[in-house]
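Working notes, beginning with the structure itself.
The values are calculated or read from the model by the stated rules, or taken from the named source; none is laboratory data. Everything quoted here is computed from the prediction, not taken from an experiment. All Cβ positions, even for glycine, are placed from backbone atoms using ideal geometry, and neighbour counts span all protein chains on display.
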Amino acid sequence: MDTGQTAEEFRAELRAWLEENCPQEMRDSGAGEEDICWGGKNWEFTSEAQKQWLERCAAKGYTVPTWPRDYGGAGLTREQEKIFHEEMDRINARSPLQSFGIWMLGPALLHFGSHEQKLHYLPPIARGEIRWCQGYSEPGAGSDLANVQTKGEDKGDHWLVNGQKIWTSYADQADWIFALVRTDREAPKHKGISFLLIDMEQDGVETRPIRMISGISPFCETFFDDAKVPKEQIVGEENRGWDVAKYLLTHEREMISGGGQGLSGGGRALGAVLAETMGDDGLTDATLRADAMRCEVDALAIGLTLERYKDQSEAGQGAGDASAMLKYMGTELNKQRHELLMAAGGSDALEWDGPQGNRAGNWLRTKANSIEGGTSEVMLSIVSRRVLGLPG
Amino acid sequence: MTKLVLTEEETMLGDMARGFLDGAAPVKAFRKLRDEGKTFDAKLWKEMADMGWAGVLISEEQGGSDMGYAAANVIAQEMGKTLVVSPFLSTAVMAATALRQVGDTRAKDALSKIASGDLTYALAIDEGIKHDPNATEMDAKADGNGFRLNGRKTFVVDGAMADRLLVLAKTGDGLTLFDIPADRAGITRDASNMIDARDAARITFDDVEATGDDVLGQVDSAMSVLKPALEAGQAALAAETAGLAAGAFGMTVGYLKERKQFGTLIGSFQALQHRAAHLWCETEVTASAVLNAGRLLDTDPGNATLAVSLAKARATATAKLAVIEGVQMHGGIGMTDDYDMGFYMKRARVAAEWLGDYSYHAEKIAALRGF
């Protein structure tokens, strides 16, 4: 994009590009989870159109529109990004690529990585060639995340990593993992952690899926048994990984809080979806309708709050601990939304892959929203301490 | 692109308003007014007019400051924080917006007087216990070249003191808005003894004469004038309500940091911390809806209904939570009249009903969102 372009010029050019390049099959953003393109070495495209769409977007930097062009992005401004999403929504275009590399590692690398690291790691993420997963939690470190026990022994040119990570989302399909590893066992809890990038294609890294209440296994356990990690594969300074982790958590929270976003802005109203579910009579259940209205009011206002914080941070006004607030409000809303979808579905929604598709599975999945990335209670404690200044 | 962030001017306006109101109209000034049985402070209103607040929506040609709806909301929000009593919403926001839709000589003259603080208005719209302009039964029967108004209005905020009334009545093929002096023959005003100690009245119209000149806008099409006025009022009321939620919240968090029980500050109890944190989250989300409503009224007033209803619904719900939690976290002292929290609770309840309650606005949103 030319930086001198007006918003209208950018929109017109983008619209023409989308018209020409977005395959018809990719214009169904309402498609289910199985239609998401995650990329990675082992990725099997579900269609030629999916492959084409990813390649075309990647060539323009549109898989990561706001990243700098040097690192695989399109260098869009916030205003252009907004237009980008509006135009994508307008034709119902699917997102060409989703990944933890885009949502989480990318922002952390952009902030903490060296120029060489950015050049090395970011473009393969943008092109969907390498799929990343997150190695944060451990069996003994859930809400108390800094209680990391996985250890990295200094062996001169590399660390020897041993330990266990849990809730490593899609680790069984990932190529690399970014992990918190204790590299100084003497230092205080938060001071001895390093943020390491680990190739999973080596002896000593093993992954097992965990079967969840939703019947699927998006989460895994990952075991490190004398895994070797070269010294240059550290982000930020040695033993300062907690800074990176915190920064990345902020992005994770924003991502998870986006669960409420589907209801706002261009998204369809919950009440309309519920009405459709309930058949020809529509939303006649007065209690359900009232609940849906409250949910809609909150969803719209939370969507505006996401906008407001983006505008604030662009205007250089710090949004403070907004991510904790948005994560809490967004995930609680999403849980509520799925409760209503289940209620509207009645007995049809009670079957695995029944007449309502995977409605029950999705409902159960949302219960993790207020746990992963910091529980709702942890979010409230963060607000209480950092925003309200209440005594610890 | 409409930015959901306060401009430098708006931030300055808010700071200035807070500075002025902390000195001239803190909560204790409201308490004094209530104790004296008064519902209007003429000196305060004149000072506000001198600062350009009465003319916030009036063009400079008519002596206004013409700062726009988002700015009006900034002022209203600050007023809410200290429970300021003034005809700002009725007169400076709603009547001014209605008069601006017309723009004839008479309307311009009225706008000049509003801007200078010399003329106040009240909106006589509702007749039942819930806000519903479309349920208007009051009759304005054609009589020669004019009309005769018969009927009753209730919950007319600022209705006991206002100089003029905007009266909604049924005419031949629809609803018509009349702009008449409040002391015209046949009008009886009964001040209501309101829980929030502010001015509201029940008004009876007994064969009140109105001429064609008294019609604001066109006969049978009140809504072209009234709808923008009501939406402006609803947005400003949402802002004021958000302000009062913030005021109650500030008191509550302050109390959590000073009150000791069981030998420790009660703010160290996680049960209270989480409730306070939740309340803060709600106030943040509501602030976005309020800011958005002001922005839309300034940039795209014809399409502001959803944004306005969203702001009013959210502010109503948030203020309700803020005052309930406020009283509960204060404990017994929160129940006493000597303490200010009760004022916030009563004001929030009145604000919840005025210009449409939560259900009224949620229904509007549902309709606009297709269910």
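Which ones in the stretch B:257-279 are within 17 Å of residue B:327 (Cβ to Cβ) and under 30 Å from the mean Cα position of the chain (by Cα)? B:275, B:276, B:278, B:279, listed by residue number.
Criterion applied to B:46, B:3 was being outside any helix (DSSP H, G or I) and not small (Gly, Ala, Ser), and the one residue passing it is B:3.
Only a single item in (1) among the polar types (S, T, N, Q); (2) within 14 Å of chain B (Cβ to nearest Cβ); (3) over 24 Å from residue B:292 (Cβ atoms); (4) surrounded by fewer than 19 Cβ atoms within 10 Å (Cβ to Cβ) is not met by residue A:370, and it is number (4). Residues in the stretch B:222-272 that are assigned to a helix (DSSP H, G or I) and of a type in the set (Asp, Glu): 2 in all.
Exactly one residue among A:232, A:206 is surrounded by fewer than 18 Cβ atoms within 10 Å (Cβ to Cβ), touching a strand residue (DSSP E or B) at 6+ places or on another chain (Cβ under 6 Å), of a type outside the set (A, V, I, L, M) and modelled with pLDDT of 95 or more, and that residue is A:206. Based on what the data block shows, is residue A:148 assigned to a loop (DSSP other than H, G, I, E, B) and surrounded by 19 or more Cβ atoms within 10 Å (Cβ to Cβ)? The answer is yes for residue A:148.
Within the stretch A:320-335, not a single residue is farther than 30 Å from residue A:77 by Cα, of a type in the set (Ser, Thr, Tyr), more than 10 Å from chain B (Cβ to nearest Cβ) and assigned to a helix (DSSP H, G or I). Scanning the stretch B:293-329 for residues that are more than 14 Å from chain A (Cβ to nearest Cβ) and either surrounded by fewer than 24 Cβ atoms within 10 Å (Cβ to Cβ) or at pLDDT below 95 (or both) yields B:298, B:299, B:300, B:301, B:302, B:303, B:324, B:327, B:328. Pairing each residue of the stretch B:1-27 that is within 14 Å of chain A (Cβ to nearest Cβ) with any residue that is basic (Lys, Arg), provided the two are 6+ apart or on different chains, yields C-beta distances under 8 Å for B:1/A:82; B:2/B:295; B:3/B:295; B:4/A:308; B:4/B:295; B:5/A:308. For beta carbons closer than 8 Å, sequence separation of 6+ or different chains, a first residue in the stretch A:51-71 that is within 16 Å of residue A:87 (Cα to Cα) and a second that is among the small types (Gly, Ala, Ser) and part of a helix (DSSP H, G or I), the qualifying pairs are A:61/A:126; A:63/A:126; A:64/A:106; A:64/A:126. Taking (1) at the interface with chain A (Cβ under 10 Å from one of its Cβ atoms); (2) at pLDDT 95 or above in turn, residue B:368 satisfies each apart from (2). Figure legend. Inter-residue proximity from the stretch B:248-276: first residues more than 9 Å from chain A (Cβ to nearest Cβ) and farther than 20 Å from residue B:28 by Cβ, second residues assigned to a helix (DSSP H, G or I) and of a type in the set (Gly, Ala, Ser), beta-carbon distance below 9 Å, spacing 6+ or different chains. Indicated pairs: B:259/B:267; B:259/B:331; B:261/B:331; B:266/B:331.
Results for (1) of a type in the set (Asp, Glu); (2) in contact with a Gly (Cβ under 7 Å, 6 or more places away or on another chain), shown as yes or no for each residue.
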{"site": "B:107", "(1), (2)": "no, no"}
{"site": "B:112", "(1), (2)": "no, yes"}
{"site": "B:126", "(1), (2)": "yes, no"}
{"site": "B:137", "(1), (2)": "yes, yes"}
{"site": "B:140", "(1), (2)": "no, no"}
{"site": "B:145", "(1), (2)": "no, yes"}
{"site": "B:160", "(1), (2)": "no, no"}
{"site": "B:171", "(1), (2)": "no, no"}
{"site": "B:181", "(1), (2)": "no, no"}
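Residues that are within 25 Å of residue A:247 (Cα to Cα) and aromatic (Phe, Trp, Tyr) number at least 2 in the following strands (runs of 3 or more DSSP E) confined to the stretch A:172-212: A:176-182. Within the stretch A:373-390, the set of residues being part of a helix (DSSP H, G or I) and either without any contact (Cβ under 8 Å) to a residue 24 or more places away in the chain or more than 13 Å from chain B (Cβ to nearest Cβ) (or both) comprises A:381, A:384, A:385. Evaluate the stretch B:118-136: report whether one residue or more is assigned to a strand (DSSP E or B), in contact (Cβ under 8 Å) with a residue 60 or more places away in the chain and among the charged types (D, E, K, R). Scanning the stretch B:118-136, I find no residue that is assigned to a strand (DSSP E or B), in contact (Cβ under 8 Å) with a residue 60 or more places away in the chain and among the charged types (D, E, K, R), so the answer is no.
Of the residues making up the stretch B:153-202, those that are under 20 Å from the mean Cα position of the chain (by Cα) and charged (D, E, K, R) are B:153, B:158, B:163, B:164, B:179, B:196, B:198, B:199, B:202.
Here is a yes/no grid of residues against (1) exposed (fewer than 12 other Cβ atoms within 10 Å of the Cβ); (2) of a type in the set (A, V, I, L, M, F, W, C); (3) within 30 Å of residue A:361 (Cβ to Cβ); (4) modelled with pLDDT under 95:
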site	(1), (2), (3), (4)
A:8	yes, no, no, yes
A:14	no, yes, no, no
A:19	yes, no, no, no
A:42	yes, no, yes, yes
A:60	no, no, no, no
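Could you tell me whether residue B:330 is part of a helix (DSSP H, G or I), touching a residue at least 60 places away in the same chain (Cβ under 8 Å), closer than 11 Å to residue B:234 by Cα and not assigned by TED's automatic domain parsing to the domain that holds residue B:94? Spelling it out, it is not the case that residue B:330 is part of a helix (DSSP H, G or I), touching a residue at least 60 places away in the same chain (Cβ under 8 Å), closer than 11 Å to residue B:234 by Cα and not assigned by TED's automatic domain parsing to the domain that holds residue B:94. Quick test for you: out of B:339, B:344, B:360, pick the one residue that is in a helix (DSSP H, G or I), of a type in the set (Ser, Thr, Tyr) and surrounded by fewer than 20 Cβ atoms within 10 Å (Cβ to Cβ). Answer to the selection: B:360.
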